[in-house]
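Novice: Attaching a single structure in structure tokens format; questions to follow.
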Amino acid sequence: MLLYSPSCITAVITLLITLQTTASIVNWDLIYQSVDSHFAEAATDDITLTYMIGTQREYSIELYASDCETSITGMPSLNMVPTISQDYELDPLHDILDVVIDVDVTEITSSNIWDESNDTLEFCSVVHLLSGVEVIKEE
Amino acid sequence: MISSNLRLFFQSFIPYSKQGIELLFNFTFDFGVNIEEVTEDGPGGGFTGEVIDSYHISVCKCSSHLSVCDTNPIDVGETLGVCIMTTNTDMELVNVSLSLLQDNTAESMDVVQNSVIVNPALSELTEVNPQTSFIETVVPNKFFQTTDNVAIDGAVEVQFVSGVRRLVSFRIDNTAKDL
């Protein structure tokens, strides 16, 4: 014997009016947030770049000279460490990507990212969001 | 900012057995489908018979499943929506396929094949009703490396109430891209 309760009927109606969607696109946000710098001789976090990216996206980071094409030269000790943090209660759609860059201050003036004319360090950071090996978004 | 505009592009027909479907492009966002008797199969065979019946299918850029067409530019990484729809209730859309193509760079991406999403992280297919399908996809960064056009190629199989199925192809050209 089949029994029909109001809840079953409601469930069927809900099912019928639901759009048939085959997949759900994930969040591909890639938003530059800030840059923070405090050079110190013993410090390893001289520069920190912060991005907001879609939750659990794969990413890659590359550093270039200011033209965003030429590799950085003259800084053999340059080191970059990306870290991901989340606060899903505050923002369940995004992760925070911090790119911590360690610069050996003694190498700065010999590098191709040092501008002697105005004593500035200028470089380009390129972040990619990836689907496999394919670049979906670039910042 | 990288942006682009979409407009429909000419599409020829795809013969189907002894019948063919001619897509009549009117330089807006709609095209008609005439089911005609043909005397030759294959591209270039042409249609020489009389029109049996006429149906209408629309394909356009849109932003939601509500099937409201628009010409808004899209930014790199932004989702692209494509609505495929007909007002003929005696015809249903089945087996939708859609790809992004860039001729000069040979870049391409299969979005949907026979109503199956190729990469669920990038694309979504919503079958709003038997007469309307909405495809939403992220346009990968590789399509925005040059100012070359990006075309949207696709096909949809239409099934008539009588049970007969026909294949309809379409193409939307993405032009006026600014870098």
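Novice: Please give the net charge around A:L130, taking every other residue with its beta carbon less than 15 angstrom from that of A:L130, where Lys and Arg add +1 and Asp and Glu add -1.
Specialist: Here the count lands on -4.
Novice: Label segment A:56-105 by shape, choosing from rounded, prolate and oblate, from the square roots a ≥ b ≥ c of the eigenvalues of the Cα gyration tensor; if a/c is under 1.5 it is rounded, and otherwise prolate applies when a/b is larger than b/c, oblate when it is not.
Specialist: prolate
Novice: Still on this model: Would you pull out the residues with amide H under 5 Å of B:V96's amide H, same chain only if 5 or more places away, H placed 1.01 Å from N?
Specialist: B:S115, B:E157
Novice: Where does each of B:T126, B:T89, A:T55 land when they are ranked from fewest to most other beta-carbon atoms within 10 angstrom?
Specialist: The order, fewest Cβ neighbours first, is B:T89, A:T55, B:T126.
Novice: What ranking of B:C69, A:C124 emerges when the number of other C-beta atoms within 10 Å of each C-beta is taken as an exposure proxy, fewest first?
Specialist: A:C124, B:C69
Novice: Cβ under 11 Å from A:D104's Cβ, A:D104 left aside: what net charge do those residues give with Lys, Arg +1 and Asp, Glu -1?
Specialist: That works out to -4.
Novice: Here's another thing I want to ask about it. For segment A:18-139, what does the alpha-carbon gyration tensor say about shape, rounded, prolate or oblate, given a ≥ b ≥ c as the root eigenvalues, a/c under 1.5 as rounded, and a/b over b/c as prolate?
Specialist: Taking the square roots of the gyration eigenvalues as a ≥ b ≥ c, segment A:18-139 is prolate.
Novice: Taking every residue in B:113-125, how many Cβ atoms of other protein chains lie within 10 Å of its Cβ, on average?
Specialist: If you average over the peptide's residues, the count of other-chain Cβ atoms is 4.
Novice: Determine, for B:F160, B:F134, the number of other Cβ atoms within 10 Å of each Cβ, and report the residues in order from fewest to most.
Specialist: By the 10 Å Cβ count, ascending: B:F160, B:F134.
Novice: Set the Förster radius R0 to 51 Å, insert the Cβ-Cβ distance between B:V94 and A:T83 as r into 1/(1 + (r/R0)^6), and round the FRET efficiency to 0.05.
Specialist: 0.60
Novice: Using R₀ = 35 Å, calculate the FRET efficiency as 1/(1 + (r/R₀)^6) where r is the Cβ-Cβ separation of B:T87 and A:S60; round to 0.05.
Specialist: 0.15
All of the numbers you see were taken from the coordinates with simple rules; none came from a lab. Since this is a predicted model, take the numbers as computed values, not measurements. Quick reminder, even Gly has a Cβ in these numbers, built from the backbone with ideal geometry, and neighbours come from all protein chains shown.
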